[in-house]
Amino acid sequence: MDAWINHLIALLALPAYSLGTVFVVSFVSATLVPMGSEPVVFGLIQINPALWWQVIGVATLGNTLGGALDWWLGYGAHQVADKYHHSQHHVRALDWLKKLGPKACLLAWLPLVGDPLCAVAGWLRLPFWPCLFYMAIGKFLRYLVMTSALMGLFA
């Protein structure tokens, strides 16, 4: 089993595949898989600062598409989830999301709650394209602020 993990790490190693690695890691980290893309994004920017805007763009695209996958998973899970009763806490959260609508997806960048938020937006059948738009804005601003702050710390 260790051999395939080592092969995967070697395949995604920086800078051999650089932007491809950023895309894959950003996409996967936006799904419900618990991992972060920040180390890869910052690592590539440290290795090659000239790629700063490309890295931000690719990370935003990958992370937004991962959020879109979450939305579609939530959309598909709607019928299954309807079979279960929700606690008052869940009902309040769902009411808040319904009230806020697609703008709630601006918070898709938040650790721990952002990815499930995209799935719940799909489950609530909030409009896909506005949700995707707000996800992209939130994720872009996250990468922009995060990398700017890290570059300032390590410059």
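The values are calculated or read from the model by the stated rules, or taken from the named source; none is laboratory data. Note that the structure is predicted; figures quoted are calculated from it, not measured. So basically every Cβ, Gly included, is an ideal-geometry build from the backbone, and we count neighbours across all protein chains shown.
Structure above, values below:
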| quantity | calculated |
| --- | --- |
| Segment 4-28, subset within 24 Å of P111 (Cα to Cα) and of a type in the set (V, I, T), residue modelled with the lowest pLDDT | I9 |
| Scan of segment 18-42 for residues that are closer than 22 Å to F154 by Cβ and buried (at least 16 other Cβ atoms within 10 Å of the Cβ), ordered by number | S18, L19, T21, V22, V25, S26, S29, S37, E38, V40, V41, F42 |
| Residue list for segment 127-146, restricted to those being among the aliphatic types (A, V, I, L, M) and without any contact (Cβ under 8 Å) to a residue 40 or more places away in the chain | I137, L141, V145 |
| Lone unmet requirement of (1) part of a helix (DSSP H, G or I); (2) farther than 15 Å from Y75 by Cβ for L112 | (1) |
| Conditions (1) modelled with pLDDT of 95 or more; (2) exposed (fewer than 15 other Cβ atoms within 10 Å of the Cβ); number of the one not met by V113 | (1) |
| Qualifying residue in segment 47-61 (condition: modelled with pLDDT of 90 or more, out of contact with any Asp or Glu (no Cβ under 7 Å at 6 or more places or on another chain), buried (at least 17 other Cβ atoms within 10 Å of the Cβ) and not hydrophobic (A, V, I, L, M, F, W, C)) | yes |
| Residue in segment 38-50 that is among the acidic types (D, E) and over 21 Å from I137 (Cβ atoms) present | no |
| Selected residue (only one of A81, A104 is farther than 22 Å from F23 by Cβ, modelled with pLDDT under 85, surrounded by 11 or more Cβ atoms within 10 Å (Cβ to Cβ) and touching a Phe, Trp or Tyr at 6+ places or on another chain (Cβ under 9 Å)) | A81 |
